[in-house]
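No value in this document is a laboratory result; all are computed from the given coordinates. These figures come from a predicted structure and were not determined experimentally. Note: ideal-geometry Cβ built from the backbone for every residue, glycine included; neighbour counts use all protein chains shown.
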Amino acid sequence: MKITDALLAEHVVFHNIFDHIEHVVPKLKTLAEVKGWAGLMEGLLLAHGKTEEDLVFAPLNHYLEQLGQRDSFEHEHQEIDNSLLRVKAAKRLPEARQLLLLAVTASRKHFDREERIVFPLAERVMKDKTLAELGKVWMKQRNAESA
Ligand SMILES: [Fe+2]
Ligand SMILES: [Fe+2]
């Protein structure tokens, strides 16, 4: 599988999780539950983001720089992570809910930008063989995480 297809498949899974979070968050009764969702989302996004940074952004650095986008995607990873850390630090339920929903919206936008800019760029400038080799590295990393 090409690395771009693997990451896109992960985006699809995230969108399903986000749909679920948006559905349940307004009904959650305790701060701890909202923080639990933020923690889950943080862990999953960190693994996904790290893979992107190492396997896709890094080799495309030069091309992204030409588009004026060299650091913007990694910045967004940090911003989303920071907003999830703020959920975990929140003292009040309405604030935590709002911050979590903002993080979901920011993540959806971020994925959309990657799908419009980064993944097509990767498919244009990398050989199919390279994309497939990176896909194998992705597979190994995911297997190691679940072992
Ligand atoms: Fe990303
Ligand atoms: Fe992504």
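Gap in Å between the Cα centre of the range 67-82 and the Cα centre of the range 4-51? With the range 4-51 and the range 67-82 each reduced to a Cα centre, they are spaced 18 Å.
A quarter of the convex hull surface defined by the alpha-carbon atoms of the range 1-78 gives 6.0 nm² as the mean projection. With equal scatterers on the alpha carbons only and no solvent term, can you work out the Debye log10 of I(q)/I(0) for the range 55-115 at 0.21 1/Å? Here log10 of I(q) over I(0) equals -0.80. Highest-first packing order for the peptide set 19-27, 139-147 is 19-27, 139-147, based on the mean count of other beta carbon atoms within 10 Å. Look at 41, 1 and count the other Cβ atoms within 10 Å of each Cβ; fewest to most, that gives 1, 41. Taking a sphere under 13 Å around the Cβ of residue 120 and counting the other residues whose Cβ falls inside, with K and R at +1 and D and E at -1, yields a net charge of -1. Net charge near residue 98: determine it from the other residues with C-beta under 11 Å of the C-beta of residue 98, scoring Lys and Arg +1 and Asp and Glu -1. Summing Lys/Arg as +1 and Asp/Glu as -1 gives +2. Only lysine pairs 8 or more places apart, or on different chains, with alpha-carbon atoms under 23 angstrom apart are counted in the range 3-146, and they number 19.
Each Lys and Arg Cβ is given +1 and each Asp and Glu Cβ -1; about its Cα centre, the range 3-146 then shows a dipole of about 520 debye. For residue 72, the shell of other residues with beta-carbons less than 11 Å away shows a net charge of -4, using +1 for Lys and Arg and -1 for Asp and Glu. Restricted to Cα atoms, the chain shows a radius of gyration and a Dmax of 16.3, 50 angstrom. Using a cutoff of 8 angstrom between alpha carbon atoms and counting only pairs six or more residues apart, the relative contact order for the chain works out to 43 percent. Distance between the 7 Å Cα→Cβ label points at residue 116 and residue 62: 2.7 nm.
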